[in-house]
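S.K.: Please read through the structure below; I'll follow up with questions.
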Amino acid sequence: MNFFSLDSPFHKYGTIIFDMVLLNFLWLIISVLSLGFLFPLASAALFHGIYHVVILEEGYTLKTYFSVFHKKIVRSLGLTVMTFLLYGLSLLNIWSVWSGYIDIIILLPIYMFLLFETMITMTFSYALLGETDMTFKRLMKYGFLLANKHLIPSLICVITIVALIFATAFSVLALFFLVAPAYWLMTTVIHKGVLSKYHLDKLI
């Protein structure tokens, strides 16, 4: 087999790496330039792009990624508000106890649990946004229900997100190279491990 032929491993895996780098760049530039307001939409598109282009090997990278933007911007802004609100409140509460501003240490595990719930619910909601035409209310509802019903995939997602945050804190370059691989792992456990078990059109 010719090393550079279209059927060769070099071409196959080289294409995968190129697609991952491109999807990573699109997610980063859209999230940064929108000051985070399009982060949920960019994340939904990244989930969708990785699942269909990289995992299922169907469609074209740019077309698949931006197909999520069609008619979903309004719902994504609802998720943006919930993301800022829920993460903001969770982190503020944790900081208040951790810093001693609120001297009730027993609240810390409760606030940590609420942060965990926020992380898994919003992550699943982003994935659902990319694959369905659910309303904002149903995205939140089924994001919460599916994330809590499938706790092992949810735990894997949380560990992946935390690892990515620590990697970014160590070096901001992690955002340029590790976001797509992190989303690939989360896409694998969410889409193939959870969403594939349901008829998503019946949940709308």
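S.K.: Check LEU46, LEU86 and return the single one that is over 20 Å from ILE16 (Cβ atoms) and at pLDDT 95 or above.
M.R.: Every option except LEU86 fails the conditions.
S.K.: If we keep just the residues of segment 152-185 that are of a type in the set (Ser, Thr, Tyr) and more than 12 Å from the chain's Cα centre (by Cα), which is nearest to TYR87 (Cα to Cα)?
M.R.: Looking at the filtered set, the residue picked out is THR168.
S.K.: Also, I was wondering about something else. Answer with yes or no whether ALA127 is free of Cβ contacts under 8 Å to residues at least 40 places away in the same chain, touching a Phe, Trp or Tyr at 6+ places or on another chain (Cβ under 9 Å), under 21 Å from ILE55 (Cβ atoms) and among the aliphatic types (A, V, I, L, M).
M.R.: Here the answer is no, as ALA127 does not meet what is asked.
S.K.: Evaluate segment 44-57: report whether one residue or more is among the hydrophobic types (A, V, I, L, M, F, W, C) and out of contact with any Ser or Thr (no Cβ under 9 Å at 6 or more places or on another chain).
M.R.: yes
S.K.: Would you point out the residue of segment 173-190, among those that are open to solvent by less than 60 Å² (accessible area, probe 1.4 Å) and at pLDDT below 95, that is nearest to ALA127 (Cα to Cα)?
M.R.: Once the filter is applied, the top-ranked residue is LEU175.
S.K.: Another question, then. With respect to VAL162, determine if the residue is under 15 Å from ILE120 (Cα atoms), free of Cβ contacts under 8 Å to residues at least 60 places away in the same chain and exposed (fewer than 13 other Cβ atoms within 10 Å of the Cβ). Break it down stepwise before answering.
M.R.: Values: under 15 Å from ILE120 (Cα atoms): yes; free of Cβ contacts under 8 Å to residues at least 60 places away in the same chain: yes; exposed (fewer than 13 other Cβ atoms within 10 Å of the Cβ): yes.
Against the criterion (under 15 Å from ILE120 (Cα atoms), free of Cβ contacts under 8 Å to residues at least 60 places away in the same chain and exposed (fewer than 13 other Cβ atoms within 10 Å of the Cβ)), VAL162 qualifies.
S.K.: Something else now. What about LEU62, is it at pLDDT 90 or above, more than 16 Å from the chain's Cα centre (by Cα) and within 19 Å of CYS157 (Cβ to Cβ)? Show your work before the answer.
M.R.: Details: at pLDDT 90 or above: yes; more than 16 Å from the chain's Cα centre (by Cα): yes; within 19 Å of CYS157 (Cβ to Cβ): no.
When the stated conditions are applied, LEU62 does not pass them.
S.K.: Going through segment 100-125 one residue at a time, which ones are within 18 Å of LEU86 (Cβ to Cβ), of a type in the set (Ser, Thr, Tyr) and more than 19 Å from the chain's Cα centre (by Cα)?
M.R.: Scanning segment 100-125 gives a single hit, TYR111.
S.K.: Does segment 136-159 include one or more residues that are at negative phi, touching a residue at least 40 places away in the same chain (Cβ under 8 Å), in contact with a Lys or Arg (Cβ under 8 Å, 6 or more places away or on another chain) and surrounded by 20 or more Cβ atoms within 10 Å (Cβ to Cβ)?
M.R.: Yes, segment 136-159 contains at least one residue that is at negative phi, touching a residue at least 40 places away in the same chain (Cβ under 8 Å), in contact with a Lys or Arg (Cβ under 8 Å, 6 or more places away or on another chain) and surrounded by 20 or more Cβ atoms within 10 Å (Cβ to Cβ).
The values are calculated or read from the model by the stated rules, or taken from the named source; none is laboratory data. What you are looking at is a predicted structure, and each value in this text was computed from that prediction instead of being measured. Please note: Cβ atoms are built from the backbone with ideal geometry, for glycine as well, and neighbour counts cover all protein chains shown. Please note that ligands, DNA and RNA were not included when accessible areas were found on the heavy atoms of the full protein model with its side chains. Shrake-Rupley method; radii C 1.70, N 1.55, O 1.52, S 1.80 Å.
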